[in-house]
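The values are calculated or read from the model by the stated rules, or taken from the named source; none is laboratory data. Keep in mind it's a predicted model, so treat the numbers as computed, not measured. All Cβ positions, even for glycine, are placed from backbone atoms using ideal geometry, and neighbour counts span all protein chains on display. Keep in mind that these areas ignore ligands, DNA and RNA; they rest on the heavy atoms of the full protein, side chains included. Shrake-Rupley method; radii C 1.70, N 1.55, O 1.52, S 1.80 Å.
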Amino acid sequence: MEPTTRGTWGSKLGFILAATGSAIGLGNIWRYPYVTGQNGGAAFVLMYLACVLAIGIPVLIAELSMGRHTTLNPVGAFKKLSRSRSWPVVGYLGVATGVFILSFYAVIAGWTIAFIFRTLLHSTTSFSDFLADPYSQLFYFAVFLGLTLFVVLGGVEKGIERWSKILMPMLLVILLGLIAFALTLPGASVGVQFYLNPDFSKITGSTILAALGQAFFSLSLGMGTMITYGSYLSKKDNVVTSAVAVGFSDTLIAVLAGLVIFPALFSAGLEPSQGPGLVFNVLPTIFEQMPAGTFVGVLFFVLLAIAALTSTVSLLEVPVAFLVDQKGWSRAKAVWIISALVFVVGIPSALSLGASAGLTSFEIFGQTGFLNMMNFLFGDVSLPLGGFFFSIFVGWVWTTRKASEELSLGAESSSKFLLAIWGVLLRFVCPVVILVVLGQKLFGF
Ligand code: PFF
């Protein structure tokens, strides 16, 4: 039974699981390891952790408080909290970013399904041949988008929440098992060194932007996903502790994924900076050497597919909630139309991994190929930019004082001191750091 037509979470745990489900996904297991590999390893990991703590978690709390206070999607939330015509533009940017991120994310998510079959059938087609085959790419992309559509049609409680409940503990257990195995591989210690022993000379402006972008991407921040999910939260729930729980579990899964990938990668003599194909090249080398490797491999890719699904669902939910709340569309109509749009927008990404020479090799913004460009523009730039505006808006326009009133509902015991630290981080640290990092990267100052 849904208490209102918009729906709310069935329980507090349901919300935490769904928000964690949104946060944990390919960002942790596909994107984090390859971005770490491209940015020199351990020093990047430290920057990443600092970004999560000082920027990610404060913005997460800000988004959730806006969502719960207004019970609306990002565009509606800005409209309700400010009379200015400009602020809702940030909400529109978030809705559009959802469509664009989903358009390439679902392509990669499609690979996880393909890898279930490749592992099961011991496929001999090389990964690069698979990537270069336009039919496979489009097929698995469409399958994944179809699954997402199916879950989102079901609505908040029946669809999203139910799927999130079993997954996280299983993913954690299988990761721990894989770490134990990866650490026994010959040469694994070189990988551990790379991953955990920082070399600060490797930190540059791009490293910091990559860490910031990764923190936003991984925590599903900067486009209003957490405004939307927060809008389904009840006033009895403690937003601050929920945000900390989500941030902690998301970071834990990413850090553990690195402990699987880097030992195995160095053991197999592969290149850490190879980019988006990284984990899909490394993981099969683990499963090949492992006892019961086929079984473990299939299970792993099934879990990864579900983790990706709970994230694609949240990406689709943002534009859908916008159309339902603001334009009065039915849920079904919004889901079908946005999914069709995402498919069209995603075609060039799907073909940019070898299928189309032009889309694969063109260079722009220091990125090679269409998918990498989208990943950079919407992951590394648009999300931190959105986060910048969210922090200014909640910190200075809606004000942390009013937001704190909202936050103290359901959190009677939470100390004033913690909220004060949150206020300082949100008002000063977040906007300044994001502006400097983005400006440095984009305009060179
Ligand atoms: N956080 C997801 C992941 O790490 O895979 C990706 C994501 C979901 C990004 C939702 C942004 C978002 F709004």
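Structural remarks
- For segment 335-432, the C-alpha radius of gyration sits at 1.63 times the compact-globule guess of 2.2 N^0.38 Å, with N the residue count.
- Contour minus Cα-Cα distance for Val432 and Ala50 (0.36 nm per residue): 136.1 nm
- Estimated distance in nm for a label pair at Thr241 and Leu270, the labels positioned 7 Å out from Cα along Cα-to-Cβ: 4.1 nm
- Computed over Cα pairs, the Kirkwood radius of segment 365-414 leads via Stokes-Einstein (1.306 mPa s, 10 °C) to a diffusion coefficient of 120 µm² per second.
- Ligands, DNA and RNA left out, the 1.4 Å accessible surface of segment 145-296 is 70% carbon and sulfur atoms.
- Listed pairs Lys235/Lys416; Lys235/Lys327; Lys80/Lys416; Lys202/Lys441; Lys327/Lys402; Lys79/Lys333 exceeding 22 Å between Cα atoms: Lys235/Lys327; Lys80/Lys416; Lys327/Lys402; Lys79/Lys333
- Volume in Å³ per residue [convex hull over Cα atoms, computed for the chain]: 135 Å³
- Most to least packed among 182-195, 47-60, 346-359 [average Cβ atoms within 10 Å]: 47-60, 346-359, 182-195
- P(r) tail for segment 181-326: Cα pairs beyond 29 Å make up 32% of the total.
- Three-way shape call for segment 237-320 based on the alpha-carbon gyration tensor, with the a/c threshold at 1.5: prolate
- In the full protein context, the chain carries 38 Å² of accessible surface per residue, based on a 1.4 Å probe and ignoring ligands, DNA and RNA.
- Span-like helix ranges in the chain, DSSP H, alpha carbon extent 15 angstrom or more, Kyte mean at least -1.0: 12-23, 57-70, 87-120, 134-153, 162-182, 205-218, 239-267, 278-289, 293-327, 331-350, 430-443
- Highest mean packing first, where packing is the average number of other Cβ atoms within 10 Å per residue, the peptides 101-111, 123-133, 427-437 line up as 101-111, 427-437, 123-133.
- Between Ser408 and Asn197, the contour length at 0.36 nm per residue exceeds the Cα-Cα span by 71.9 nm.
- Farthest towards the positive end of the charge dipole of the chain, among the residues Leu377, Val335, Ser404, is the Cα of Ser404, using unit charges on the Cβ of Lys, Arg, Asp and Glu.
- Kirkwood radius, segment 32-180, all distinct C-alpha pairs, inverse of mean reciprocal distance: 19.2 Å.
- Evaluated with a Cβ-only charge set (Lys, Arg +1; Asp, Glu -1), the chain carries a dipole of roughly 1300 debye about its Cα centre, given to the nearest 20.
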